[in-house]
Amino acid sequence: MRFDYQFAVKEYEKVKIYLEKYGYRCEITGSLRREREDIGDIDIVVGNQLSLSDSLSIHEYSDSAQMSKSEMWSKREKVRLERKECLEELEIEVLEIVSKCSQVKRRINYYEFLLESGISIHMIPEISKHFNYTLWHSTGPKPHVKLIKKIYEKKDIKINMENTIENQIYEDIDLEYFQPKDRWKLV
């Protein structure tokens, strides 16, 4: 079953708002990110909202007696999320949280959930340092990703998977950045 692009975006926004309440960063990927007219499912890369560089240590809370309970909880939650840089732990937590979302009708498999609206979501949990690479890779289309990897291979360069930005993936092999909707052009 295929779904209209605008319908899929609205369904994604509902899931995104839900996950952001738990402190997660969400980005659409796949055909929805490439702005295809019709969508089979909604692919979502999800990871920690907070980066390690933004971290606050417990020691910075020395004047915690002057903080409200909500401020204290917020800072503790920030530290908890930043420490969740183990992919297995992140997967378990994110998928458990998604399974409890009111928009979810049922779980299809480990990473996929059917929404009440009839469209399915495919969750792609990822740790902060690989988030942007995974976003690029999962955006596709597959022939585009294969071609870029082949260019890297021919130039005897490895793609930097850690803390990279999508533009850099192209710049490193002397290509201009391809917007997701235009990536089918380089196939």
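Only the coordinates and a few stated rules stand behind these numbers; no lab work does. Because the structure is a prediction, the values reported are computed rather than measured. Heads up, the Cβs are rebuilt from the backbone with ideal geometry, glycines too, and the neighbour counts pull from every protein chain shown.
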Scanning segment 129-168 for residues that are more than 18 Å from D43 (Cα to Cα) and hydroxyl-bearing (S, T, Y) gives Y152, T164
Here the residues within segment 1-43 that are of a type in the set (A, V, I, L, M, F, W, C), in contact (Cβ under 8 Å) with a residue 24 or more places away in the chain and in a strand (DSSP E or B) are F3, I39, I42
Does R106 count as within 29 Å of K10 (Cα to Cα) and in a helix (DSSP H, G or I)? no
When restricted to I165, I159, I173, I127, the only residue more than 30 Å from C86 (Cβ to Cβ) and either touching a helix residue (DSSP H, G or I) at 6+ places or on another chain (Cβ under 6 Å) or basic (K, R) (or both) is I173
Legend entry - Verdict on Y111 being touching a Ser or Thr at 6+ places or on another chain (Cβ under 8 Å) and under 17 Å from I28 (Cα atoms): no
